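In what follows, a structure is listed as structure tokens, so that the remarks can point back to it.
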Amino acid sequence: MSIRSDVLHGSAACVASGFFGTTEGGERVFLHTLANGGVTVRCLDFGGAVHSIEVPDRSGRADNVVLGFDGLKEYERDRSWCGVLCGPVAGRIAGASVHLGERELSLEANEGTTCLHSGSAGFSKSVWKGMTFCDGLIAGIRFSLTTLPGEWGFPGVLSAKAVYTLDGGGGLSLEWEAWSSEDTIFAPTFHGYFNLGGQDSVSVEDHRLLLRAGRYMPLDGQSLPRLPEPVGGTPFDFRSSRPPLPVDLFDHPFLPDEGRGIDIPCAVLDHPASGRRMELFTDQPAVVFYGGRSLSPDQVFSGGREGRPGLAVALEPQWYPNAAALRSLPLPVLKQGERYTAKSEWRFSLLPE
Ligand code: G6D
């Protein structure tokens, strides 16, 4: 069910950009605003981050439903990947190394001996080039980034594009394109934290989550994903909508076998009190559901909201994490000169009355 027309305010698509700040390295960062059909999305060149998503509730009152920071310094210092693009490879890589053909890729071990989200820099700490576009029906922004040769330990020069598009019916899509000058691995994601209760909500305990996933990947003692197992009879069975609790438990890849593809939402997050619903569609084989257990009071998000476990949840569509260590899962190889594409969509609507 899309957002009712009387709530859309009939606003046509529009875009705007403004200066946001200068990084510690002296790079200028712009904030880009996409507005369409009553939904407003703000994105940053820094990390290709989604800074805020304002969505109406059943009474038509719009509120921000993702975590973001008010200043650039918080984004530069953040260690929770709040709202940013992760890559070239999202998730954990055991031993921070990957056998690729005859090569051994040596990546940054930024979590013990593990590489998490391509290290402490990667896509999430890069300044992307953002260019907005709008044709009256859709509003969007194209983020582009070209790496240095072998940057972050990934072979060759990578040219990546991440395009956010906001349609007039509450749909925010993210489409990836990438090319590499050498054979490499490529499996990015978007790491937004969602709380559909809005800026004043401090917990997702009043939300409900549905995951159309019959399998999930258990984690070992270092939070490294292991081979998939059935969810049946475990706390990881979200095939019926229920509260995403206990938040500390969840940091797992779910495999939306049934819910994969752009026409069936693999995940549905509901907030009955406000009437907001978010559906996630993706062509990727995995979605990491992370309950936000590492969010902490030393983080102050937009609107002065202190971090706490369960403040918001992340749903990160991506390739099978840790595939390099799990021989039966295919590596996300991007061959020299090949074009990588992927698409996910976060669609906001109102719960049926
Ligand atoms: C924690 O284990 C989680 C990761 O999955 C998450 O992406 C990160 O915090 C932000 O390390």
Would you pick out the residues in segment 120-144 that are surrounded by fewer than 21 Cβ atoms within 10 Å (Cβ to Cβ) and free of Cβ contacts under 8 Å to residues at least 60 places away in the same chain? Ser120, Ala121, Met131, Arg142, Ser144
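Just checking, which of Pro321, Pro309, Pro317 is within 14 Å of the ligand (Cβ to nearest atom), closer than 25 Å to Ser294 by Cβ and open to solvent by 10 Å² or more (accessible area, probe 1.4 Å)?
Going through Pro321, Pro309, Pro317 in turn, the sole match is Pro309.
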Of the residues in segment 274-286, those that are under 23 Å from Pro243 (Cβ atoms) and either aliphatic (A, V, I, L, M) or without any contact (Cβ under 8 Å) to a residue 60 or more places away in the chain (or both) come to Met278, Leu280, Ala286
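Please specify each residue of segment 74-83 satisfying the condition of being of a type in the set (Lys, Arg) and within 12 Å of the ligand (Cβ to nearest atom).
Arg79, the sole residue that qualifies.
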Segment 60-83: number of residues that are open to solvent by 10 Å² or more (accessible area, probe 1.4 Å) and either over 20 Å from Asp270 (Cα atoms) or assigned to a loop (DSSP other than H, G, I, E, B) (or both): 12
Starting from residues that are buried (at least 19 other Cβ atoms within 10 Å of the Cβ) and within 15 Å of the ligand (Cβ to nearest atom), keep the ones in segment 237-252 and report whichever is nearest to Gly197 (Cα to Cα). Pro244
Which members of segment 84-115 meet the condition of being away from the ligand (no atom under 16 Å from the Cβ), among the polar types (S, T, N, Q) and open to solvent by 50 Å² or more (accessible area, probe 1.4 Å)? Ser106
Regarding Thr40, is this residue under 14 Å from Thr165 (Cα atoms) and either at pLDDT below 95 or open to solvent by 10 Å² or more (accessible area, probe 1.4 Å) (or both)? yes
Any residue in segment 272-279 that is charged (D, E, K, R), modelled with pLDDT under 95 and surrounded by 19 or more Cβ atoms within 10 Å (Cβ to Cβ)? no
Among the residues of segment 211-233, what is the count of those that are of a type outside the set (Gly, Ala, Ser) and open to solvent by 40 Å² or more (accessible area, probe 1.4 Å)? 9
Please name all residue pairs, on different chains or six or more residues apart, with Cβ atoms under 7 Å, provided the first residue is in segment 72-90 and is hydrophobic (A, V, I, L, M, F, W, C) and the second residue is part of a strand (DSSP E or B) and away from the ligand (no atom under 12 Å from the Cβ). Leu72/Phe20; Leu72/Gly21; Leu72/Val29; Leu72/Phe46; Leu85/Ala162; Val89/Ile185; Val89/Ala187; Ala90/Ala187
In segment 188-210, anything under 17 Å from the mean Cα position of the chain (by Cα) and either open to solvent by 10 Å² or more (accessible area, probe 1.4 Å) or away from the ligand (no atom under 16 Å from the Cβ) (or both) is listed as Leu196, Leu209
What is the one condition in (1) in contact with a Phe, Trp or Tyr (Cβ under 8 Å, 6 or more places away or on another chain); (2) at pLDDT below 95; (3) of a type in the set (Lys, Arg) that Lys161 does not satisfy? (2)
Only unsatisfied item for Phe289, checking (1) open to solvent by less than 50 Å² (accessible area, probe 1.4 Å); (2) within 16 Å of the ligand (Cβ to nearest atom); (3) in contact (Cβ under 8 Å) with a residue 60 or more places away in the chain; (4) not in a strand (DSSP E or B), is (4)
Among (1) closer than 26 Å to Glu74 by Cβ; (2) more than 16 Å from the ligand (Cβ to nearest atom); (3) within 21 Å of the chain's Cα centre (by Cα), Gly304 falls short only on (3)
Single residue of Ser240, Ser294 found to be part of a loop (DSSP other than H, G, I, E, B) and in contact (Cβ under 8 Å) with a residue 60 or more places away in the chain: Ser294
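Open to solvent by 10 Å² or more (accessible area, probe 1.4 Å), away from the ligand (no atom under 15 Å from the Cβ) and either in contact with a strand residue (DSSP E or B) (Cβ under 9 Å, 6 or more places away or on another chain) or among the hydrophobic types (A, V, I, L, M, F, W, C) (or both): does that describe Gln336?
Taking the combined requirement at face value, the residue satisfies it.
The values are calculated or read from the model by the stated rules, or taken from the named source; none is laboratory data. Just so it is clear, the structure is predicted and the values come from calculations on it, not from any experiment. Cβ coordinates were reconstructed from backbone atoms using ideal geometry, including for glycine residues, and neighbour counts include every protein chain displayed. Heavy atoms of the whole protein, side chains included, go into the accessibility calculation; ligands, DNA and RNA do not. Shrake-Rupley method; radii C 1.70, N 1.55, O 1.52, S 1.80 Å.
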